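In what follows, a single structure is set out as structure tokens and then discussed.
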Amino acid sequence: MADKPLRTDKPRVAIFDFTGCEGCELNQLNFEDQLLDILAHVDIVEWREAMDGHADEYDIAFVEGCLSTPDCIKRIHDIRRRTKVLVALGACAVTGGVNAVKNTRPIEDVREEVYGDDKYLFPTLPALPVSSVVKVDYNVRGCPMTQIEFLRLFTALVMGKDFVEPDQSVCVECKLRENECVFEKGMICLGPVTRAGCNAHCTTVGQYCTGCRGLVSEPNIKGMEEILVQHGLSVDEAWKRLELYNANQLEGVQR
Amino acid sequence: MSRNLDINVEHLTRVEGHGNIVVNMREGVLEKAQLEIVEAPRYFEAMLKGRSFHEAAIITSRICGICSLGHQITSLKATEQALGLEVSEQTVLLRKLLIHGATLQSNILHAYFLAAPDFLGEGSVFPLVGTHPEVVVRALRMKRLANDIGDVVSGRAVHPITPVPGGFTRIPTRKELLELKRRLVEDMVPDFAATVDTMEALAGAIPDFTRETEFISLRSEDEYGLYDGQICSTDTGCVPDTEYMAMTNEHVVGHSTSKHCKVSRSSYMVGALARWNNSHDKLCDVALDAAKRLGLAPDCHNPYMNTIAQVVEAGHCALDAVAIIDKLLDDGLKDEQPNQEPTRFGTGVGATEVPRGILYHEYTYDRQGRVAAANCIIPTGQNLANIDDDMKKLVPEIVGETKEEITLKLEMLVRAYDPCISCSVHLLDVDFIE
């Protein structure tokens, strides 16, 4: 829970983007059926992608993207000071997202590969989740953020209720939807170690789970690796798939 | 007029990504007029290196949420060419339907939500909820339907799920397609007509500015070319898409983390206006009527008219989407599995018209089907030099106006290009050295 209670009148909401693709913000503009209701319950006071203007204080700050430059670190501290509640929005903000794949290689190699001799022009840090720098009150996971989860959290916040993240695996939701197991179809899947909350959307439309919602809190990584290898991946390839969205969480885990 | 002028718009609003407009004039002499790109780089090449061909499109679609469908389709086309994967006619039709949905969505979002507030003297679309509720509700209804095309056909409009190398993991049902068609005919067509009325009322406020430039887009002889075609220049004519390096010529400039491009002149323009200038003869009558009413004529050199060209094109996408659904249903939907057995491992190029212009992906795969080299050239990157050249001509022409008026016109100019700065910076352009 947040330290400070929300104001009783309309909460002031601000939306910020850091290093990412802005797809989560776009997903907010894609609430066509709910957008007018959302606007009836909050005042949006700052949102660079959609409006002009700045605000000094807000009740809820939604933060998209990972932190990857010194400027990001400065800005996120500033936002934390100005807001009562801070929500990390989407995989990049919650875990570092796909950006964190670069962390699996020496940062100097990565910079040199991209910018060559000009590498020092562009300061960079490892791609970090927001929670590694400031306190995060709530997460909305997924790549892009899971819309049903955003609406659940949003409703809870404006009604002053608590919000609890799911902590079972995607397999639980996939079974409830009575899908054929992805492994049975001759494909691989990261559902067994990935945090539910998406209603197993990808596996329901025939794709494998890429792990975009991050890991459950006590994942059996060794077991997952074994299953992936049993289904045809090399150990190296299994880890590549696991690290796509979870490079930060898997840092230091024994292969 | 002898004047000192300093304009510095930091983190321009209502565009995708982070850019600054910087103009300096000293005693009437323009010293600087440019769009600085300050977006944080994301090192996509580090993510792609050694990745399986199954993952390439999943990763490159994350370059940009707004353009995710365009990146995905372009990536799949390049991968399929590199690996010799044939796709069915049904796959091609479903992809064309997806491109229509994504183009509709993006063009409507830009015209109503990002550009229109400037013409009404507002800072965002939100005040319009109170003053013009029927317009906002209409825009939301159009956007919803456009997104539903993505949700139904690709599993999710932002970062699509079902399009994979060789086909789709799920084919939409007949019932789903019939419902999309019903809404396109019953809702989208009248909403488009009303959109033209609304834009006609605003079109008078479009700044009168002309700078002759080169326009580059795909052109197909069979249709209004979005999914494929030849690379066509208003200066030099058409060449195959494998010639894309010569038709972009990327180079580094000091004020931008994104590279610039040029072909026949110091700059060129891509996007809806380029498509209009190269392929207007392939548009349907409804779109051509809209163009007439909105004052868009062939060989238009006013970049502010790009927004109008986007609206015109939206009408074509809506009606052609209906035609594609009819064809899919007439042919009978087939429950096909994606063709994922490579017949070779080499290099492939994909070129697609995405909302902001022509997008190129190129990949080379090793014999294990892993990415060995990758290159993406992004529409907004191609437009950056053209935007700078526009600003250099525009500022002296309007230097007699107030600083606020000049700033607004510059912001409107950049917004007219509907730039996608995340895309332009997150490009990958590296041959991996093992």
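The values are calculated or read from the model by the stated rules, or taken from the named source; none is laboratory data. Since the structure is predicted, the reported quantities are computational estimates derived from the model, not experimental observations. Here the Cβ is made from the backbone with ideal geometry for all residues, glycine too, and neighbour counts use every protein chain on show. We work out accessible area using only protein heavy atoms, side chains counted, and drop any ligands, DNA or RNA first. Shrake-Rupley method; radii C 1.70, N 1.55, O 1.52, S 1.80 Å.
How large, in percent, is the carbon and sulfur part of the accessible surface of chain A at a probe radius of 1.4 Å?
Working: 5510 of 10590 Å².
Roughly 52 percent of what the probe reaches on chain A is carbon or sulfur.
Where in the range B:224-255 does the amide nitrogen come within less than 14 Å of the point 7 Å from the Cα of B:S264, taken along Cα to Cβ?
B:231-239, B:247-248
Which of the trypsin sites (Lys or Arg not before Pro) found in the range B:228-280 are loop residues per DSSP with 13 or fewer other Cβ atoms within 10 Å of their Cβ?
Those that pass, being in a loop and sparsely packed, are B:R265.
How much length, in nm to one decimal, is gained on full extension between B:Q340 and B:E200, taken as 0.36 nm per residue of separation minus their Cα-Cα distance?
Length gained, B:Q340 through B:E200: 45.6 nm.
Residues in the range B:226-242, backbone N under 13 Å from the label point at B:D281 (7 Å along the Cα-to-beta-carbon vector): list them, ranges by number please.
Under cut-off, by backbone N: B:238.
Which of the helices in chain A meet the span-like rule: DSSP H, Cα axial reach of 15 Å or more, Kyte-Doolittle mean at least 0.5?
Long hydrophobic helices here: A:147-158.
I'd like to check one number: the per residue accessible area of the range B:303-375, probe 1.4 Å, reported in Å² as a whole number.
Accessible area per residue, the range B:303-375: 34 Å².
How high is the FRET efficiency from A:Q168 to B:V189, r the C-beta distance, R0 41 Å, rounded to 0.05?
Efficiency computed from Cβ-Cβ geometry: 0.35.
For B:D331 and B:N8, compute 0.36 nm times the residue count separating them, minus their Cα-Cα distance, and round to one decimal in nm.
Between B:D331 and B:N8, full extension yields 110.7 nm more.
Taking 7 Å along the Cα-to-C-beta vector as the label spot, tell me the A:D56-A:F183 distance in nanometres, rounded to one decimal.
That separation, rounded to one decimal, is 5.8 nm.
Tell me the total accessible area that B and A bury against each other, 1.4 angstrom probe, in square angstrom rounded to 100.
Roughly 4900 Å² of accessible surface disappears when B and A pair.
List residues of the range B:336-378, by number, whose backbone nitrogen lies under 15 Å from a label position 7 Å along Cα→C-beta of A:S234.
Of the residues in the range B:336-378, B:366-372 have backbone N under 15 Å from the label point off A:S234.
On average, how many beta carbons from a partner chain sit within 10 Å of the beta carbon of a residue in A:241-254?
That works out to 1 on average.
Give the peptides B:100-108, B:399-407 in descending order of average Cβ contacts within 10 Å, highest first.
Values: B:100-108: 27.7, B:399-407: 12.7.
Result, highest mean first: B:100-108, B:399-407.
Hey, can you list the DSSP H helices of chain B whose Cα span along the axis is 15 Å or longer and whose average Kyte-Doolittle score is at least 0.0?
TM-like helix candidates: B:89-108, B:133-154, B:189-203, B:306-331, B:403-416.
Report the normalised scattering of the protein assembly as shown as log10 I(q)/I(0) at q = 0.05, 0.06, 0.08, 0.12 Å⁻¹, calculated by the Debye formula with identical scatterers on the alpha carbons.
Here the Debye-derived log intensity ratios amount to -0.21, -0.31, -0.57, -1.43.
For the range A:197-203, what does the Karplus curve 6.51 cos²θ - 1.76 cosθ + 1.60, with θ = phi - 60°, yield as ³J(HN,Hα) per residue in whole Hz, taken in order and with x for Gly and Pro?
Per-residue couplings from phi come out as x, 9, 6, 6, 5, 5, 5 Hz.
List the residues whose amide H sits under 5 Å from the amide H of A:T69, counting only those 5 or more places along or on another chain, with H placed 1.01 Å from N in the peptide plane.
Under 5 Å from the amide H of A:T69 lie the amide H atoms of A:L125, each far enough along the sequence or on another chain.
May I ask which residue of A:H201, A:Q230, A:L151 lies farthest towards the positive end of the charge dipole of the protein assembly as shown, with charges of +1 (Lys, Arg) and -1 (Asp, Glu) on Cβ and the Cα centre as origin?
Going by the Cα projections, it comes out as A:Q230.
As a test, work out the antiparallel percent of DSSP beta bridges whose residues both lie in the range B:44-424, rounded to the nearest 5. Could the numbers behind the result be given before it?
Working: 25 of 27 bridges.
In the range B:44-424, DSSP labels about 95 percent of beta bridges as antiparallel.
Between B:E122 and B:V252, what is the FRET efficiency for a Förster distance of 45 Å, r being their Cβ-Cβ separation, to the nearest 0.05?
FRET efficiency, B:E122 to B:V252: 0.75.
With respect to the cross-link table entries A:K84/B:K409; A:K185/A:K222; A:K185/B:K327; A:K175/B:K175, which display a Cα-Cα separation exceeding 32 Å?
A:K84/B:K409
Evaluate peptide B:156-166: per residue, the Cβ atoms of other protein chains within 10 Å of its Cβ; return the mean as an integer.
5
Given H placed 1.01 Å from N in the peptide plane, which residues other than close sequence neighbours of B:V354 have an amide H under 5 Å from its amide H?
Close amide H contacts, sequence-distant or interchain: B:L359.
At what distance in nm do the modelled label points of B:S88 and B:R293 sit from each other, each positioned 7 Å from its Cα along Cα→Cβ?
4.0 nm
Give me the accessible area per residue for chain A, probe 1.4 Å, as a whole number in Å².
That works out to 42 Å² for each residue.
Between the range A:118-179 and the range B:212-254, how many Å separate their Cα centres?
40 Å
Ignoring ligands, DNA and RNA, what percent of the 1.4 Å accessible area of the range B:44-424 is carbon and sulfur?
After summing per-atom areas, the C and S share lands at 51 percent.
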